[in-house]
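*Asks:* Mind having a look at this structure? Questions to follow.
The values are calculated or read from the model by the stated rules, or taken from the named source; none is laboratory data. None of the values given here were measured: they were computed from a predicted structure. Every residue, glycine among them, receives a Cβ derived from its backbone with ideal geometry; neighbour counts consider all protein chains shown. Side chains are part of the model used for accessible areas, which takes the heavy atoms of the whole protein and leaves out ligands, DNA and RNA. Shrake-Rupley method; radii C 1.70, N 1.55, O 1.52, S 1.80 Å.
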Amino acid sequence: MSDLPTEPDLDGLDRALIRALRSAPRATVARLARTVGAARNTVQARLRRLESSGIVTGYGPDIEPRAAGYPVLAFATLMIAQGAHERTVAALAELPEVLEIHTITGRGDLLVKVVAATNDDLHGILQAIAAIPEVARTDTQLALHTSLARTVADLIVSRP
């Protein structure tokens, strides 16, 4: 569990800053201040607060997987041995094509988001996942098309 609040106290300026950063993640504080119509020191203080509270975790580029050579997207549901959560997550984290690992309810224990360059590469990745001793069973769905891909930043900036 995280110590972050479930509903962070974000006001219009915070949202405006996040919106500006989504448009220009490499913008200087001075440029951000001009964009949002606030004093430079105010913007700097707000950015520090957003970072220290864990709301803003980075400024890296968003990468389009297809354009970067990873057009194959799949989701694997894993059933794992009881008590093997940490070991399984650690083993999955060693596979660079594994982008996300979620503990889930329902038929499986973990939901894993995987990208690959080709279907053959995906097959190899899935074989590596199946070879993890704690993995009892896998069920994989291949994503044929992504109709919507939002981020939490998109959610935050869409609110008034």
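*Asks:* Only one of these conditions is not met by GLU134: (1) under 30 Å from ILE18 (Cβ atoms); (2) touching a helix residue (DSSP H, G or I) at 6+ places or on another chain (Cβ under 7 Å). Which number is it?
*Replies:* Result: GLU134 fails condition (1) only.
*Asks:* Which of the residues that make up the range 59-80 are in contact with a strand residue (DSSP E or B) (Cβ under 7 Å, 6 or more places away or on another chain) and open to solvent by 50 Å² or more (accessible area, probe 1.4 Å)?
*Replies:* If the condition is that a residue be in contact with a strand residue (DSSP E or B) (Cβ under 7 Å, 6 or more places away or on another chain) and open to solvent by 50 Å² or more (accessible area, probe 1.4 Å), then PRO65, TYR70, PHE75 are the ones that fit.
*Asks:* Can you tell me how many residues within the range 9-39 are free of Cβ contacts under 8 Å to residues at least 12 places away in the same chain, part of a loop (DSSP other than H, G, I, E, B) and of a type in the set (A, V, I, L, M, F, W, C)?
*Replies:* Count: 3.
*Asks:* Being in contact with a Leu (Cβ under 7 Å, 6 or more places away or on another chain) and modelled with pLDDT of 95 or more is the filter here; which residues of the range 54-87 pass it?
*Replies:* Listed by number, the residues that qualify are VAL72, ALA74, PHE75, ALA76, THR77, LEU78, ILE80.
*Asks:* Those residues that are under 13 Å from GLU134 (Cβ atoms) and open to solvent by less than 40 Å² (accessible area, probe 1.4 Å), I need them from the range 90-103; list them, please.
*Replies:* ALA91, LEU92
*Asks:* So, one more: Would it be correct to say that GLU94 is under 19 Å from the mean Cα position of the chain (by Cα) and farther than 26 Å from LEU148 by Cβ?
*Replies:* yes
*Asks:* Select, from ARG107, ARG87, ARG48, the only residue that is under 30 Å from ASP14 (Cα atoms), more than 17 Å from the chain's Cα centre (by Cα) and either of a type in the set (D, E, K, R) or open to solvent by 50 Å² or more (accessible area, probe 1.4 Å) (or both). Quick ask: steps written out before the conclusion?
*Replies:* On the way: ARG107 fails: under 30 Å from ASP14 (Cα atoms); ARG87 fails: under 30 Å from ASP14 (Cα atoms).
The unique qualifying residue is ARG48.
*Asks:* Now for a separate question. Any residue at all in the range 139-154 that is surrounded by 13 or more Cβ atoms within 10 Å (Cβ to Cβ), farther than 23 Å from PRO65 by Cα and modelled with pLDDT of 95 or more?
*Replies:* no
*Asks:* Would you pick out the residues in the range 114-137 that are closer than 15 Å to MET79 by Cα and open to solvent by 50 Å² or more (accessible area, probe 1.4 Å)?
*Replies:* Answer for the range 114-137, where residues must be closer than 15 Å to MET79 by Cα and open to solvent by 50 Å² or more (accessible area, probe 1.4 Å): GLN127, ALA130, ALA131, PRO133, ALA136, ARG137.
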